[in-house]
Structure formats: C-alpha cells, structure tokens
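Participant: Okay, handing you the structure first.
The values are calculated or read from the model by the stated rules, or taken from the named source; none is laboratory data. Keep in mind the model is a prediction, meaning the values are calculated, not measured. Ideal geometry is used to build each Cβ from the backbone, glycine not excepted, and the neighbour counts take in all protein chains shown. These accessible areas exclude ligands, DNA and RNA; they are computed on the full protein's heavy atoms, side chains included. Shrake-Rupley method; radii C 1.70, N 1.55, O 1.52, S 1.80 Å.
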Amino acid sequence: MRLRDSTGGWGAVSRLLHWGMAALILFQLGLGVSMTRLPDLLARFAWTQTHKSWGTVIFALALLRLGWRLANPTPPLPAAMPAWQRRAARASHAALYALMLALPLSGWLMASAAPTQDLLQMQNLVFGRWPLPDPFVPGVARIETAAHAIHTAAAVALAALLALHAGAALKHQLVDRDRLLARMIFGR
C-alpha cells in the first residue's frame with residue numbers, strides 16, 4: 001500500500017484524511033443542527049462541548065491535510081476534462097479547505113467571546129481535558145454575534161459545497177467513467 005500520492009493516484013494518507021474528515025464533517029454538521037434545536041439546556045451544553053471538541057480535531061486534521069497536500073504531488077485530472085471543470089475543481093477544493101479552517105476558527109471565536117461563558121465561569125475544553133485559549137476575558141457580545149453569523153453561513157456553504165463535490169464525483173465516476181472517484185477510494 002502506497003502512503004504518498006503520485007501521478008497515478010492518491011496515497012493511503014490522503015485517502016484516510018479525505019474519508020475520515022468527510023465522516024467527521026458530516027457528523028459535525030448534523031450535530032450542529034441538532035444541538036441548536038434541543039430545548040433541554042443541560043443536554044444542549046453537553047452536545048455543544050462535544051461539537052467544540054470534534055471541531056478542534058477537524059481544525060488540526062485540516063492543517064495536517066493541507067500540509068500533506070502541499071508536500072505531495074496531486075494526481076492529474078483526466079485529460080479529457082474541460083478547462084471550466086478543471087477551474088471549478090480547483091476553486092471548489094480551495095473553498096473546501098478555507099471552510100474546513102473557517103468553521104472551527106469561527107466556532108472557537110464565538111465560544112471564547114461569549115459573555116455567558118465568563119458569567120458561568122466555563123472553560124473551553126477539548127474532550128473535557130485540554131483548555132483552549134480564551135482571548136476574550138471578559139466576553140464581547142458583538143464578537144460572539146459576528147462569529148456566530150460567520151459560523152452559520154460557513155456551515156451552510158460547506159453543506160452546499162459538499163453536496164456539489166459528491167455530485168461531481170458521482171458524475172465523473174458514473175457518467176464520464178474517468179475513475180476520479182475510484183482513485184480516491186482505491187488509490188489508483
């Protein structure tokens with residue numbers, strides 16, 4: 001099993017990061033929507049802590065994935081792919097990376113700027129153990145509000161972009177039959 005990417009396909013590390021992060025991001029999107037609808041404040045608090053923790057993991061994995069991508073050659077797109085699709089693929093991948101970083105950052109800013117957090121003397125802890133820095137003591141409501149708006153808009157944009165990404169992958173595999181999806185599954 002090849003670990004590194006090559007001109008022939010994606011290596012095991014890229015594939016693991018791709019599918020692992022896909023699963024985590026889908027989990028986070030679902031958890032984010034579900035937790036905001038919970039009427040029970042204690043349950044909502046617990047789910048929010050879980051959401052913050054996995055968001056931190058996604059941020060770290062996104063940095064790792066970005067570094068890995070910069071250090072490895074990207075397998076070429078199919079030769080028959082039109083230029084507009086190549087541009088769209090590059091733009092959508094750049095947007096995916098930006099959103100994978102923007103969502104955890106805006107969530108962290110929202111949580112750390114929340115005046116309620118200081119009022120209740122809560123700390124942002126990853127999996128209940130490791131504290132995140134808190135640059136806003138005391139909290140600043142206008143920063144919390146702005147970060148919340150960014151976080152929500154980024155989540156909607158990410159969900160839409162993921163649907164587009166999955167649809168394009170299926171189109172390439174099933175209609176164009178150029179094995180783009182197979183390369184991300186099997187590495188060749």
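Participant: Test Leu16 against the criterion of being in a helix (DSSP H, G or I) and farther than 28 Å from Pro133 by Cβ, and give yes or no.
Facilitator: Criteria met by Leu16.
Participant: Select from the range 146-163 the residues that are of a type outside the set (Gly, Ala, Ser) and surrounded by 13 or more Cβ atoms within 10 Å (Cβ to Cβ) and write down the one among them that is farthest from the chain's Cα centre (by Cα).
Facilitator: Among residues in the range 146-163 that are of a type outside the set (Gly, Ala, Ser) and surrounded by 13 or more Cβ atoms within 10 Å (Cβ to Cβ), the one farthest from the chain's Cα centre (by Cα) is His148.
Participant: Okay, next question. Which one is most open to solvent (accessible area, probe 1.4 Å), of the residues in the range 1-20 that are among the hydrophobic types (A, V, I, L, M, F, W, C) and under 15 Å from Ile185 (Cβ atoms)?
Facilitator: Met1
Participant: Can you tell me which residue within the range 37-63, out of those that are farther than 17 Å from Met122 by Cβ and small (Gly, Ala, Ser), is nearest to the chain's Cα centre (by Cα)?
Facilitator: Ala62
Participant: Let me ask another. Give me a count of the residues in the range 30-56 that are of a type in the set (A, V, I, L, M, F, W, C) and either outside any helix (DSSP H, G or I) or closer than 24 Å to Arg69 by Cα (or both).
Facilitator: 2
Participant: Restricting the search to the range 164-184, which residues are surrounded by 14 or more Cβ atoms within 10 Å (Cβ to Cβ) and among the small types (Gly, Ala, Ser)?
Facilitator: Ala168, Ala169, Ala182
Participant: Moving on to the next point. Filter the range 74-86 down to the residues that are open to solvent by 50 Å² or more (accessible area, probe 1.4 Å) and in a helix (DSSP H, G or I), then identify the one that is farthest from Trp108 (Cα to Cα).
Facilitator: Looking at residues that are open to solvent by 50 Å² or more (accessible area, probe 1.4 Å) and in a helix (DSSP H, G or I), I get Ala83.
Participant: Still on this structure: Among the residues of the range 128-184, write down those that are within 25 Å of Ala46 (Cβ to Cβ), at pLDDT below 95 and among the small types (Gly, Ala, Ser).
Facilitator: If the condition is that a residue be within 25 Å of Ala46 (Cβ to Cβ), at pLDDT below 95 and among the small types (Gly, Ala, Ser), then Gly128, Gly139, Ala141 are the ones that fit.
Participant: Moving to a separate point now. Of all residues in the range 97-124 being free of Cβ contacts under 8 Å to residues at least 24 places away in the same chain and out of contact with any strand residue (DSSP E or B) (no Cβ under 6 Å at 6 or more places or on another chain), which is surrounded by the most Cβ atoms within 10 Å (Cβ to Cβ)?
Facilitator: So, considering only residues that are free of Cβ contacts under 8 Å to residues at least 24 places away in the same chain and out of contact with any strand residue (DSSP E or B) (no Cβ under 6 Å at 6 or more places or on another chain), the one surrounded by the most Cβ atoms within 10 Å (Cβ to Cβ) is Gln117.
Participant: Restricting attention to the range 98-119, does a residue exist that is outside any helix (DSSP H, G or I) and of a type in the set (Asp, Glu)?
Facilitator: no
Participant: Does the range 57-73 contain any residue that is basic (Lys, Arg), open to solvent by less than 60 Å² (accessible area, probe 1.4 Å) and under 30 Å from Arg4 (Cα atoms)?
Facilitator: Yes, the range 57-73 contains at least one residue that is basic (Lys, Arg), open to solvent by less than 60 Å² (accessible area, probe 1.4 Å) and under 30 Å from Arg4 (Cα atoms).
Participant: Would you be able to say whether some residue in the range 26-36 is more than 22 Å from Val156 (Cβ to Cβ), more than 12 Å from the chain's Cα centre (by Cα) and open to solvent by 30 Å² or more (accessible area, probe 1.4 Å)?
Facilitator: Scanning the range 26-36, I find no residue that is more than 22 Å from Val156 (Cβ to Cβ), more than 12 Å from the chain's Cα centre (by Cα) and open to solvent by 30 Å² or more (accessible area, probe 1.4 Å), so the answer is no.
Participant: I'd like to know if the range 57-69 contains one or more residues that are modelled with pLDDT of 90 or more, within 17 Å of His151 (Cβ to Cβ), in a helix (DSSP H, G or I) and in contact with a Leu (Cβ under 6 Å, 6 or more places away or on another chain).
Facilitator: Yes, that holds for at least one residue.
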